[in-house]
Amino acid sequence: MLQDTARTTPLADVAAKDGPTWVDFAGWRMPVQFEGIVAEHMAVRRRAGLFDISHMGRLVLRGRGADEAVEQLLTRRTGTMTASAIRYSFVVDSQGNILDDVMVARRRDAWQLIVNAVNRERVVAHIQRLGYGDLLQDITFETAMMAIQGPASAALLDLVWPEADAQTRRRYHLWSVPRNGEVMCGSRSGYTGGDGYEIHGSPEAVASLWTALREAGAAACGLGSRDSLRNEAALPLYGHELRESSSPWELGLGYSINLDKEFVGRDEMRRRYDTGISRKRVGLVLTGRRIARENMPVYDGDVETGCVTSGTWSPLREAPIAQAMLEASSASAGRTVAVDVRGRREQATVVELGQLLPRA
């Protein structure tokens, strides 16, 4: 449902040319689908698809003290990052509540955080409460951001933006090069489980790149396929797999917590680590055709052992898949469990997270 107060992204006009269905997401008017979720999903897996991700927050910290601020703000060690490097991390408050999962990039003269749209305001407020407001610039509303994802992404980018030299770029490194005289920032990254790039810059420059890539054959894709793709790749989403009280170690994300450095909320994170793992995030492949949805209970025999956190149809598997949090005793790969899908138990097989996405 669209709210009258929903913001439109700088790419809304170019996206509208393909006649999408719109939804309200985190206060933004966003395309949920164009040709259709399955068609867009397969376009990304087979060739390339475009996503408007301008709703995601873009924060910059620069100035004297920025290095120390970022080190305190994030759970991941940043002092060892070289220029242009990108890392995944968490922002945690003093009580240990996980406020967001973010991507942090070390620019030549600043730090850049990409944050979830739903959490941007509270991450900004948290930075200000810590006394780092003078270092912070929120560039979300003055820039645009898009992603091109899929095996043909590099070739298409190089076709319409030769200066990007996309095929030579390393994963998770930031670069800045001009197109038609205007500099944009890019990285070989994304949230679909395959190759791809995320690019941000002025609204005009990013919209021009979107149009050129559409004309070159990349499909326009919406939030629906973005969600099915990230589920197929077993990637967590804040508010579903990841919540304020989550244990990163139970989610399989413990690598993003460096307990041997100082950061806000470290004591609580250490307590969660010391508590150990009683549950695990796993993948499920259902045998029927009914889709498991968030919060549906999962049973091991007659005992409830956890619940679904996200579920979707996998076009590659041609079967329903899900992510779930299960008791550790039920979380071994190959185990048969059952999901209560609207009153009927559907058989499912537990798979390792990395096995949800079939590999060629």
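The values are calculated or read from the model by the stated rules, or taken from the named source; none is laboratory data. Everything numeric in this text was worked out from a predicted model, so none of it was measured. Don't worry about glycine lacking a Cβ; one is built from the backbone with ideal geometry, like all the others, and counts go over all protein chains shown.
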task = For residues that are within 27 Å of the chain's Cα centre (by Cα) and surrounded by fewer than 14 Cβ atoms within 10 Å (Cβ to Cβ), tally how many sit in the range 303-327.
result = 1
key: the range 22-54 - residue that is part of a loop (DSSP other than H, G, I, E, B) and surrounded by fewer than 21 Cβ atoms within 10 Å (Cβ to Cβ) and, of those, nearest to the chain's Cα centre (by Cα)   = 26
Test set (1) hydroxyl-bearing (Ser, Thr, Tyr); (2) in a loop (DSSP other than H, G, I, E, B); (3) touching a strand residue (DSSP E or B) at 6+ places or on another chain (Cβ under 8 Å) - residue 94 fails condition number = (3)
remark   = Subset of the range 335-355, residues among the polar types (S, T, N, Q), touching a residue at least 40 places away in the same chain (Cβ under 8 Å) and in a strand (DSSP E or B), comes to 347, 349
key: Those residues of the range 341-351 which are out of contact with any Leu (no Cβ under 6 Å at 6 or more places or on another chain) and either among the small types (Gly, Ala, Ser) or not assigned by TED's automatic domain parsing to the domain that holds residue 310 (or both), in sequence order   = 343
